[in-house]
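The values are calculated or read from the model by the stated rules, or taken from the named source; none is laboratory data. These numbers were taken from a predicted model, which means no experiment stands behind them. All Cβ positions, even for glycine, are placed from backbone atoms using ideal geometry, and neighbour counts span all protein chains on display. We work out accessible area using only protein heavy atoms, side chains counted, and drop any ligands, DNA or RNA first. Shrake-Rupley method; radii C 1.70, N 1.55, O 1.52, S 1.80 Å.
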Amino acid sequence: MGRITEVKKAAIPIGGLGTRLYPFTVDTSKPMVRFLNRFVIDFILDELALQGVGEVFLGVSGFYNYRDVYDHLGERFSVRSPDGKRLVLKLRYQPNVTSIGNAHSISILADYYDINDDVLVVQGDTVVSLNVGDLAKFHESNGAFMTIALKRVDDRESLRQLGLAKLKDDWSIESFVEKPADPEKAPSNLANTGIYLLSHDMVKFLRSDEFASLVKQGRGDFGRDIIPYLIAKGYKVIGYPLNGYWFDIGTIENFVKASFYLLESLPPERLGVATVYHDTIYMMGFSSRSKKDHLDLVERSAQKRIDLSGRVLIGRHVTVEDEASITDSIIDNYVIVKSGARVTKSIVMDRSIIGDNSTVESSIVGRHVAIGSNVKIINSYIGNDVIIGDNAVIIDSQIWPHRSIESNAEISNRRGPPS
C-alpha cells in the first residue's frame, strides 16, 4: 500500500459494552482485547499510520473504553514503516461528554478539536484491508458528501446484523436499511463496513444545528439514523466497493475467523514475526532473549520433544515444556504450556498457564488464566483471570472473568454468568 496525502485525520468511535464478545469484554474494552498477540486497537492504528494518517481522534465512551485505551496508548502511537522510518500518530480523546451514538461521538470530537477537514472513520472493532488513497480518490472524483465502504456478504443470515445499501449506476446509494428483520427483503447484500470518508462539508453538517436537532431526538448513530437521513435529504452518499478482507470482530465467531484468516494470509513481518520454522510456525520477539527462546523451540521440535504443527503463532517469552503439543493455534506472550498439555485450534491469551496433561481444543483462553492439571476445555471461552482446578471438564461453555472453578468440576452448555 502506498503512502497517501489526501486523508490526514481519522476518527475511531469506541462505545458500547461489547456484549457480543462476552466473556472477553466483561471487564475490557473491545479495542483492548488481545488479537494476534497484540491489542485490536494496535492493529488498526498500525494500518492508519502506514497509510499516511497523522492524527487520530478516539471517541471513547464509558469507563472501560476510556481507561483501557488511554492507559495503553497515551497521546502518541508509533510504528516502523517497511523502510525503517518511525511513523507517529498524534492521539486525541473525546472530552468527558456523553454521546448517544457513533455519529454523535464524531460530532463531539469535531466540535471540540475544531476539525474542518475530511475525516476517515473506522470502527474500533474492525479489521480491514483498505487502500485509503484509492478510497480518497474515489470519494473526490464522485464529489461525495459521504463515502461508505461496502462489502458483499453472501451469508443471508448474517445480513440481519448489518446495514445494507442499494446502489444506483453512479455508485450513489439509493436506499439503506439497518439490520433488516427479513434478509430476503433486504435491498442488496452490500454491507456497511462502518468505514466512512466524511467530506469537510459532512464534518460541518455534524457540527450544525441540523445535526444537533437530530441528537435531541435521540438520533446519533450513523447506520440507524444519519445515513438514511442524508439519503432522504438528497445528500450525495456514495458506496465504495471493498475488495479486500473485512471483519467486524465484535462477535466471538468473527474474532476467531479473523484471527486465523490473518494468521494464514498476512506476511510474517506484518504480524511482527521474527522467526519462521517449517514455513508455518511463527515466533515473535526480536531481542536476544527471544532469539534464544526460538532456537530452543526449534531444536526441541526437531528432536520430537515437543510437537509444533499446522499454522502456529507463538508470542514472546512463551514456555513449552517437553511432551507438549501445539497445533493450529495462537499462543500469546508469557504463556506456559506444561508437560503433556495439548492445545489445538485454539487461542490462548497472554500470561496464561496450561497445566500438565491438560487439553484445550477449539477454545479461547483469556488473559492470566491458570488451568490446572488434567483439565479438558472443549469448544469453550474462558474469561480473563480465571482459575481452573485439576481434573475439571468444561465443554461448550463460557466462563466469566475472575471466577474459580473447583477441581473435578464438570461444566457443560453454560452460557452467560452463573446465577
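For this structure, a couple of remarks:
- Near pairs, Cβ below 8 angstrom, 6+ apart or cross-chain, from segment 48-61 (of a type in the set (Ser, Thr, Tyr)) to any residue that is surrounded by fewer than 24 Cβ atoms within 10 Å (Cβ to Cβ): Ser61/Gly15; Ser61/Gly16; Ser61/Thr98; Ser61/Ser99
- Of note, Ala110 does not satisfy the criterion of being in contact with an Asp or Glu (Cβ under 7 Å, 6 or more places away or on another chain), of a type in the set (Gly, Ala, Ser) and buried (at least 21 other Cβ atoms within 10 Å of the Cβ).
- Being closer than 24 Å to Val127 by Cβ, of a type in the set (Val, Ile, Thr) and open to solvent by less than 50 Å² (accessible area, probe 1.4 Å) holds for only one residue in Ile281, Ile306, and it is Ile281.
- The single condition from (1) of a type in the set (Phe, Trp, Tyr); (2) free of Cβ contacts under 8 Å to residues at least 60 places away in the same chain; (3) over 26 Å from Lys292 (Cα atoms) that Tyr334 fails is (3).
- Counting only strands (runs of 3 or more DSSP E) that fall entirely inside segment 6-90 and contain at least 3 residues that are in contact with a Ser or Thr (Cβ under 7 Å, 6 or more places away or on another chain) and surrounded by 15 or more Cβ atoms within 10 Å (Cβ to Cβ), no element qualifies.
- Considering residues of segment 175-226 that are of a type in the set (Val, Ile, Thr) and modelled with pLDDT of 90 or more only, the residue nearest to Gly163 (Cα to Cα): Thr193
- Residues (surrounded by fewer than 18 Cβ atoms within 10 Å (Cβ to Cβ) and either assigned to a helix (DSSP H, G or I) or touching a Gly at 6+ places or on another chain (Cβ under 9 Å) (or both)) located in segment 184-223: Glu184, Lys185, His200, Asp201, Lys204, Asp209, Glu210, Ala212, Ser213, Lys216, Gly218
- Segment 342-367, residues that are over 21 Å from the mean Cα position of the chain (by Cα) and closer than 14 Å to Ile378 by Cβ: Arg342, Val343, Thr344, Ile354, Ser358, Thr359, Val360, Glu361
- Residue among Leu313, Leu297 that alone is free of Cβ contacts under 8 Å to residues at least 40 places away in the same chain and open to solvent by less than 10 Å² (accessible area, probe 1.4 Å): Leu297
- Flag for Asp117 being surrounded by 11 or more Cβ atoms within 10 Å (Cβ to Cβ) and not polar (S, T, N, Q): yes
- Sub-7 Å Cβ pairs linking a first residue in segment 244-256 that is in a loop (DSSP other than H, G, I, E, B) to a second residue that is open to solvent by 20 Å² or more (accessible area, probe 1.4 Å) and modelled with pLDDT of 95 or more, at least 6 apart or interchain, are Tyr245/Tyr261, ordered by first then second residue.
- Qualifying residue in segment 142-153 (condition: assigned to a helix (DSSP H, G or I), farther than 22 Å from Asp42 by Cβ and not aromatic (Phe, Trp, Tyr)): no
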